[in-house]
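The values are calculated or read from the model by the stated rules, or taken from the named source; none is laboratory data. Computed from a predicted model, the values in this text were never measured in an experiment. Because the Cβ atoms are built from the backbone with ideal geometry, glycine has one as well, and the counts that use them run over all protein chains shown. The area values use the complete protein model at the heavy-atom level, side chains included, leaving out ligands, DNA and RNA. Shrake-Rupley method; radii C 1.70, N 1.55, O 1.52, S 1.80 Å.
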Amino acid sequence: MRDSSTTRRLPLGGDFRKLWTAAAFSNLADGLGRTAVPLAATTLTRDPLLISVIGALAFLPWLVFGLPAGMIVDRYDRRVIMALANALRGGVAVWLAVLAVSGQLSLWALFVATVIFGLGETLFDNATSAVIPGVVRRDQLDRANGWMQAAQVTIDSFIATPIAGVLFAAALALPLWVGGAGYLIPIALALFLPLSAARPLRDRPQASARDDGDLAAGAVLEPLTGALAPAPITTREALRYLWDHRYLRAMVVFTSVIGSSLAFAQAVLILFFLDTLDVPLVAVGFVTAGIGAGALLGSLVASRLVSRFGRGPVMAVAMITTGITLVLTGLAPTAWVAVAVFAVSAAAVSVWNVPWGSLRQQIVPQEIFGRVLGVIRTVTWGLFPVATLVGGMVGRIDLRLPFWIGGAVVVAVSLLALPLVVGGTRRAGAEADSAPGDDSGEVVVDVVPHDDLAR
């Protein structure tokens, strides 16, 4: 058992509150668009495959732009990147609203807008993740990431999604107008973040890592100042770092399989509720709000679970739970049962996401964090479009089938990966109260026959 009372007593600080507020308003706008776009698509077609294209295109930018986005985050002012990303997404939301009002909205317009939304998301999410270690202490990362995810879940599920459903029922363009306006506030807030959020922090020469001891002793981590010159470490070296780090490499492969299975299972989620469980269109937002209750709970308890039981065990249990509840969602006889079971699945995913995000921030050097994160998300999220399309094709047979198959794969792979997620995380020095491990990756992991199998 771990004692985290010291961490809980220390406030996260005003700089983190600015970052959190910027992310919160951005999530509000995201949630409105994320709900309005697929709902708009259902007014144009009821084909599961075509609907799944929306979900696939949302992840496509991570395949083609994930690594360049990471390079941009490492090379330029992260505050400006966050602002520009939201300006891009706001402009697209307004464009869709104009098309809807003029009666010219089409599936192709929704497809194009989804891709552009995704491009903005790669920049904003990469920058936000990279900024967190610059505004909080190392021992606060789990708590900070928990608050960030809690904001995302709360606003997406309890505010944006239900409101989007009601606004959509009133007028198709209304949630798009509101969403476009919602991006304005985070643009301003991002630009008011401190210099430490602008670019990577440079450790003192004698310090090999940003550890709690240095911070407690009052060490000052100096932001890279001056002209925004190219980062001294090349993208090729960042790729080599990730490839040579056997633990991270294995975890990336593991999370790629898990994430693809989740994308496959959820490819027809909206049609599953609308057509199989007979949920009225106007009530879809409230259904997802119920699911969001589980995700919110998972976000809030994740850091405490990690402090009590350890990062590896919590992540392992979370993934196994996710798989089981996905299967049970597909078996649900009514919408109420499906929402309750899927809420548990959402909670488990949130419990995984918080320590997985903190783990990467803990062991990846800040000067290459953006590019390493870009590579990780390119590999993991880049597979989601294919998985989503396949899920849509399977959904043509039976809308329950993707949940059964995806959940079974998640359970099987998670059981195989137990030595990696539990033992490998501990040996890599990635537990909540551990010092950074060996970044050269001297962690021996034997999970499955493939040597590099491991978000």
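Under 9 Å between Cβ atoms, which residue pairs at least 6 apart in sequence (or on different chains) link something in the range 230-241 that is part of a loop (DSSP other than H, G, I, E, B) with a partner that is modelled with pLDDT of 75 or more and of a type in the set (V, I, T)?
Taking only residues 6 or more apart or on different chains, the pairs are A231/I368; I233/I368.
Can you tell me which residues in the range 233-258 are in contact with a Phe, Trp or Tyr (Cβ under 8 Å, 6 or more places away or on another chain) and open to solvent by 10 Å² or more (accessible area, probe 1.4 Å)?
Residue satisfying the conditions is R249 alone.
When you look at I132, is it hydrophobic (A, V, I, L, M, F, W, C) and open to solvent by 10 Å² or more (accessible area, probe 1.4 Å), yes or no? Step through it out loud before you land on a result.
Working: hydrophobic (A, V, I, L, M, F, W, C): yes; open to solvent by 10 Å² or more (accessible area, probe 1.4 Å): no.
When the stated conditions are applied, I132 does not pass them.
Considering only the range 259-278, state which residues are outside any helix (DSSP H, G or I) and either among the hydroxyl-bearing types (S, T, Y) or surrounded by fewer than 22 Cβ atoms within 10 Å (Cβ to Cβ) (or both).
L277, D278
Looking for something assigned to a helix (DSSP H, G or I), among the β-branched types (V, I, T) and over 22 Å from V364 (Cα atoms) - is there at least one such residue anywhere in the range 134-144?
The answer is no, given that none of the residues of the range 134-144 is assigned to a helix (DSSP H, G or I), among the β-branched types (V, I, T) and over 22 Å from V364 (Cα atoms).
Spot the failing condition for T288; the list is (1) within 23 Å of V166 (Cβ to Cβ); (2) at pLDDT below 85; (3) touching a Gly at 6+ places or on another chain (Cβ under 7 Å); (4) buried (at least 24 other Cβ atoms within 10 Å of the Cβ), and only one is missed.
With respect to (1) within 23 Å of V166 (Cβ to Cβ); (2) at pLDDT below 85; (3) touching a Gly at 6+ places or on another chain (Cβ under 7 Å); (4) buried (at least 24 other Cβ atoms within 10 Å of the Cβ), T288 is out only on (3).
Would you confirm, using the coordinates I've provided, whether I320 is in contact with a Pro (Cβ under 9 Å, 6 or more places away or on another chain) and of a type in the set (V, I, T)?
Spelling it out, it is not the case that I320 is in contact with a Pro (Cβ under 9 Å, 6 or more places away or on another chain) and of a type in the set (V, I, T).
Is at least one residue of the range 80-96 more than 27 Å from A23 (Cβ to Cβ) and either in a helix (DSSP H, G or I) or open to solvent by 40 Å² or more (accessible area, probe 1.4 Å) (or both)?
No: zero hits.
Test A408 against the criterion of being more than 19 Å from the chain's Cα centre (by Cα), of a type outside the set (K, R) and in a helix (DSSP H, G or I), and give yes or no.
Numbers: more than 19 Å from the chain's Cα centre (by Cα): yes; of a type outside the set (K, R): yes; in a helix (DSSP H, G or I): yes.
Taking the combined requirement at face value, the residue satisfies it.
Being out of contact with any strand residue (DSSP E or B) (no Cβ under 6 Å at 6 or more places or on another chain) and not in a helix (DSSP H, G or I) is the requirement here; does P333 meet it? If you could, list the steps in order and put the result at the bottom.
Working: out of contact with any strand residue (DSSP E or B) (no Cβ under 6 Å at 6 or more places or on another chain): yes; not in a helix (DSSP H, G or I): yes.
Criteria met by P333.
Inspect all residues belonging to the range 396-408 and state whether any of them is over 21 Å from A127 (Cα atoms) and aromatic (F, W, Y).
Yes, some residue in the range 396-408 is over 21 Å from A127 (Cα atoms) and aromatic (F, W, Y).
Could you tell me whether T35 is over 20 Å from V166 (Cα atoms) and over 16 Å from the mean Cα position of the chain (by Cα)?
no
Within the range 371-385, is even one residue modelled with pLDDT of 85 or more and more than 30 Å from V279 (Cα to Cα)?
For the range 371-385, residues modelled with pLDDT of 85 or more and more than 30 Å from V279 (Cα to Cα): absent.
Being more than 23 Å from F25 (Cα to Cα) and either among the small types (G, A, S) or modelled with pLDDT of 85 or more (or both): is that true of L119 here?
The answer is no for L119.
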